[in-house]
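**Student:** Take this structure, written in structure tokens, and hold onto it; I'll ask about it next.
What follows draws every value from the coordinates through simple rules; no lab data is involved. Please read all numbers here as calculations on a predicted model, not as lab measurements. Virtual Cβ from ideal backbone geometry, glycine too; neighbours counted across all protein chains shown.
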Amino acid sequence: MRVLYLDCFSGISGDMLVGALCDLGVKPSAMEWELSKIDIGDFHIHFERGQRQNIEGVQFGIHAGSTHHHEHDEDHCGHDHSHEDEHAHPHEEHSHGRDHQQIRGLIEESGLSDFVKKHALNVFQRIAVAEGKIHGVAPDQVQFHEVGALDSIADILCACAGIEQLNVRKVFISHLHDGCGWIDCAHGRLPIPSLATLEILAGIPLRQIDEPYEFITPTGAALAAEFGVSFGPMPRLKVEKIGYGIGSRDLPTRPNVLRAVLGELEEVPAYEVDAITRIETNIDDLSPEITGAVLGKLLDAGALDAFLTPVQMKKNRPGIQLTVLCEDSMVSRIADLIFTETSSFGIRMDPVQRLKLERRIEHAETPFGKVAVKLGLKDGRIVQVAPEFESCRALSEKTGQPLRAVYDAARRHFAE
């Protein structure tokens, strides 16, 4: 399965994501073509190679009109503009931008691909809902400043188009963190994480680090919330390519880049797999009382399992085969026990693999009381139910109920 992993060690913003996707191989012309399908006025986008602390990547930017140059409002990490510059206060009467309802109409009426249209609408909805809640207005009334709206639309549409071009099945994202402190903007001082960022990421693990920079922008947060299927360490991947998206500012503490990893997800086996050692020896001159005691000592010493099998030995003598399963680290201790506690002169051992169900201990509520039950699960589904014998026996003795009745009641609890 082809997947994308976003390593947000310096946060995430819309322009950094677009740059990283381009560095992975998405052609700028493909993004420009997608933008041409929607009427957002006169603009020019550019992709430039650059470096941050000796890491090379792609920096994405957009200019409104043919001559006016605007430094991207999504540039983050210590910039002088907050998200309020791209999402104006809803009550500002003289804004020349677009509100969320207008932007949604532009997207719905455009010739954008179904994939881009669907996810772009979702991303803008996430932002508008967050901003509306903060300012106490309906999401449709949230205003986007003229230039900020152009930036947001370009970032979101190009990011969605880039992910579609990569043809990935899932997007995994690293743990998210943001800085702390304050950021000055047109509407005063706001805390970090920004109000909208924190609102958008509700339900997603987020922590603060002791650095005075804004690492996550609202657009970056909305894109992460829209596409991320999980947030944590990189899964097991056969890496195909790595790309870097560059932010506009240099940071003293870390490279201001977003790392994107494209690769094939290693398929997880249906069962848990581990490696153990199997030890065997044949015995024909030891009393049953001693062999029975040996089994107990082996299990007490840490053997995973120990059992006896009748065998036919030399000179037609009946005997037993002692088999012990143990972790590799326990081989020496188990061998010492066998040689000191039995009459064996030699043992055989070989590595074996086990396929295991996921195991979990839960308690079953029965008419007689609680019973500990061992569950075996595959893909989260219960396939084996084994009431713990000692728990069943203790409840049987306490209540006077037959052991079998307690055992059956515990199994029925998980069958219902």
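**Student:** List the relative contact order of the chain as a percent without decimals, with contacts defined as Cα pairs under 8 Å and 6+ residues apart.
**Tutor:** The normalised contact order for the chain reaches 19 percent.
**Student:** Express the relative contact order of the stretch 165-263 as a whole percentage, based on alpha carbon pairs under 8 Å and six or more residues apart in sequence.
**Tutor:** Reported as a whole number, the value is 29 percent.
**Student:** Right, something else. Going by amide H atoms built from the backbone, whose H comes under 5 Å of the H on ARG249, apart from near neighbours?
**Tutor:** HN-HN under 5 Å from ARG249: HIS76.
**Student:** Most exposed first by the Cβ proxy, i.e. fewest other Cβ within 10 Å, how do ARG52, ARG359 rank?
**Tutor:** Ordered by Cβ neighbours within 10 Å, fewest first: ARG359, ARG52.
**Student:** Here's something else I'd like to know. Provide GLU109, GLU226 in ascending order of the number of other Cβ atoms located within 10 Å of each residue's Cβ, fewest first.
**Tutor:** Ranked by crowding around the Cβ, least crowded first: GLU109, GLU226.
**Student:** If the reach is capped at under 20 angstrom between alpha carbons, list the aspartates and glutamates near LYS314, excluding any in the same chain fewer than eight residues apart.
**Tutor:** Straight-line reach from LYS314, under 20 Å: GLU280, ASP284, ASP285.
**Student:** Let me ask something else. Pairs of alpha-carbon atoms within less than 8 angstrom and 6+ residues apart define the contacts here; what relative contact order does the stretch 358-415 have, in percent?
**Tutor:** 32
**Student:** While we're here: Using r as the Cβ-Cβ distance of ALA415 and GLN141, and R0 as 45 Å, what FRET efficiency do you calculate, to the nearest 0.05?
**Tutor:** Computed FRET efficiency for ALA415 and GLN141 comes out at 0.25.
**Student:** Another question, if that's okay. Just the number, please: percent antiparallel of the DSSP beta bridges in the chain, rounded to the nearest 5.
**Tutor:** Given both bridge residues lie in the chain, the antiparallel proportion sits at roughly 85 percent.
**Student:** For the chain, what does -39500 (n - 2.57) per DSSP helix run (n ≥ 4), summed and divided by total residues, give at 222 nm, in deg cm²/dmol to the nearest 500?
**Tutor:** Computed ellipticity for the chain at 222 nm equals -10000 deg cm²/dmol.
**Student:** Same structure again: List SER113, SER194, SER152 from most exposed to least, where exposure is judged by having the fewest other Cβ atoms within 10 Å.
**Tutor:** Lowest to highest Cβ neighbour count: SER113, SER194, SER152.
**Student:** Another question, then. Can you check what the net charge comes to around PRO139, using other residues whose Cβ is under 10 Å from the Cβ of PRO139 (Lys, Arg +1; Asp, Glu -1)?
**Tutor:** Value of the local net charge: 0.
**Student:** Which of the lysines could a cross-linker bridge to LYS37, judged by Cα under 24 Å and excluding same-chain residues fewer than eight apart?
**Tutor:** LYS27, LYS117, LYS118
**Student:** Between the alpha-carbon centers of the stretch 137-210 and the stretch 337-416, tell me the distance in whole angstrom.
**Tutor:** 49
**Student:** Could you name the lysines whose alpha carbon sits less than 16 Å from that of LYS238, not counting residues in the same chain fewer than 8 places away?
**Tutor:** Reachable lysines: LYS170.
**Student:** Angle check, please: helix 403-415 long axis (alpha carbons) against the longest principal axis of the chain (alpha carbons), in degrees 0 to 90, nearest 10.
**Tutor:** Once rounded, one gets 20 degrees.
**Student:** Convert each backbone phi in the stretch 121-133 into a coupling constant with the Karplus relation 6.51 cos²θ - 1.76 cosθ + 1.60 (shift: θ = phi - 60°), then list the ³J(HN,Hα) values in order as whole Hz, x for Gly and Pro.
**Tutor:** 4, 5, 5, 5, 5, 4, 5, 5, 5, 5, 5, x, 5
**Student:** Can you compute the modelled spin-label distance between ASN167 and PHE307, with each label point 7 Å from Cα toward Cβ, in nm?
**Tutor:** In this crude spin-label approximation the distance works out to 5.0 nm.
**Student:** Within 10 Å, count the other beta carbons around each residue, average over each peptide in 20-29, 7-16, and list them highest first.
**Tutor:** Highest mean packing first, the order is 7-16, 20-29.
**Student:** Between PRO191, PRO318, PRO139, which gets the highest mean-square fluctuation from a Gaussian network model of the chain, Cα cutoff 10 Å?
**Tutor:** PRO318
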